[in-house]
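A short worksheet on the structure shown next.
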Amino acid sequence: MKKRIQEKFKTLFGAEGTLYASAGRINLIGEHTDYNGGYVFPGAIDCGIMAAIEPNGTDLVKVFSLDMDEFVQFHLVEESIPEQAWARYIFGVGREIIKRGGKVGGFNAVFAGDVPLGAGLSSSAALESTFAFALNEIFNEGKIDKFELARIGQSTEHNYCGVKCGIMDQFASIFGKAGSLIRLNCKTLEYKYFPFNPKGYKLVLIDSCVKHELASSAYNKRRASCENAAAAIRKNHPEVEFLSDAKRLWLDEVRDQIPEEDFLRAEYVIGEVQRVLDVCDALERDDYETVGEMMYQTHFGLSRLYEVSCEELDFLNKLARKMDVTGSRVMGGGFGGCTINLVKDSLYDAFVNAAVEQFTARFGHAPKVYNVVISDGARKL
Ligand code: GLA
């Protein structure tokens, strides 16, 4: 990938660009908790986005996407917003830096990625983080702190891509550290690295290769349900800023004041916030059985209460349970994408083979299997 990027940069711009990269992410547990002020437990992975970038002394941005084989240029003013979805991420990052009082001049860039698209591995956060990190170094002497770089990526999604996401993906992509997961409190942004090397187990992702068209609007709808439930609870308990501040009992108090759907969404979130903490405790004891059990509970909640799973992902989860896989659940925003599975070494081959065979027989296309390594986040190469 590196060589292809450098060669293309040379052909297009007649120079060597400086290389930057950032990563996709996995999340062990803590799904849809980030925008509710709860905990998440992600880590950056060994696939992501790489870009060669160089300032060009003008105010024009010129970018080539190797994967899309497409060239786009724009000015960093609102009227110049590009049509191409991929270019909006880069445009948005530039705009968000400028809105915060930072500088971004014109630059040339070529980029490519090896993080699967639409698999729930946050290819978009990897793209945002690569450019946020690079533009901070190139034009702002690295003065924007890493928290703000993550927020710049998040605001890009909100303001230019139509997704009211939380901070998890961008945070993991910026703060990721090889070998460690990050427990992040999304309300305070306090975080702690947890070395993650479960002896005798492997993490494997099984990608259903299903993508749902309306995922962004369904995602925003989930968020609105949670905010609605939190607002109802707040009337009785003013200390509730986010849904994650609420006790389960407080949710029951407002059951007949909110739509049943919002109640179910909130029920899931309150349970999930606690599960992240339980998983962290279990990890400190090397108790992977409990970690796995919590993953199954999360899947149940995401499927039945939050309703972001789908037939294909439920099938993979059920198969994992049947084969005594330690833990399994849908990962990321949902509406397609992957399951994340915690599998004993001794069961690994049998599980992966069975998943591929039985999924293919049932749905007529093969799932993809990813063995990810927990790796570093945004960096200059
Ligand atoms: C997507 C969003 C994140 C988070 C997850 C679900 O990946 O970008 O902010 O909400 O879904 O946990």
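Please treat every number below as a calculation from the coordinates, not as lab data. Small disclaimer: the values here were computed from a predicted structure and weren't measured. Here the Cβ is made from the backbone with ideal geometry for all residues, glycine too, and neighbour counts use every protein chain on show.
Structure values in brief
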| quantity | calculated |
| --- | --- |
| Taking the C-alpha atoms of region 1-113, convex hull volume expressed per residue in Å³ | 130 |
| Set of region 209-228 residues, backbone N closer than 19 Å to the point 7 Å along the Cα-Cβ line of residue 318 | 209-210 |
| Per-residue [θ]222 nm for the chain (sum of -39500 (n - 2.57) over DSSP H runs n ≥ 4, rounded to 500) | -14000 deg cm²/dmol |
| Expected-Rg normalisation [2.2 N^0.38 Å, Cα atoms] applied to region 312-381 | 1.23 |
| Global size of region 201-371 as Cα Rg and Dmax, reported in angstrom | 17.5, 53 |
| DSSP-assigned coil residues among GluC sites (Glu not before Pro) in region 191-272, each with at most 13 further Cβ atoms within 10 Å | 213, 239, 241 |
| Burial ordering of 225, 244, fewest other beta-carbon atoms within 10 Å first | 225, 244 |
| Shape parameters for the chain, alpha-carbon atoms, Rg then Dmax in Å | 20.9, 66 |
| Helix 85-99 axis, angle to the chain major axis (alpha carbon atoms, nearest 10°) | 80 |
| HN-Hα J in Hz across region 133-143 - Karplus 6.51, -1.76, 1.60, θ = phi - 60°, x for Gly and Pro | 5, 5, 5, 5, 5, 6, 10, 10, 6, x, 6 |
| Phi-based couplings in Hz for region 176-187 (Karplus 6.51, -1.76, 1.60; Gly and Pro marked x) | x, 9, 3, x, 10, 8, 10, 8, 10, 8, 6, 7 |
| Point-charge dipole on Cβ atoms (K/R +1, D/E -1) for region 1-127, about Cα centre, debye to 20 | 300 |
| Listed peptides 126-132, 41-47 by packing density, highest first (mean Cβ within 10 Å) | 126-132, 41-47 |
| Distance violations [Cα-Cα > 28 Å] among 187/322; 199/380; 99/211; 2/62; 211/322 | 187/322; 199/380; 99/211 |
| Region 158-222: chymotrypsin sites (Phe, Trp or Tyr not before Pro) falling in loop per DSSP and having at most 16 other Cβ within 10 Å | 196 |
| Region 2-196 - Kirkwood radius from inverse mean 1/r over Cα pairs (Å) | 16.6 |
| Inter-site label distance for residue 15 and residue 217 at 7 Å from Cα along Cβ, in nm | 4.4 |
| Principal axis dimensions, largest first and in whole angstrom, of region 6-65 by Cα | 47, 26, 16 |
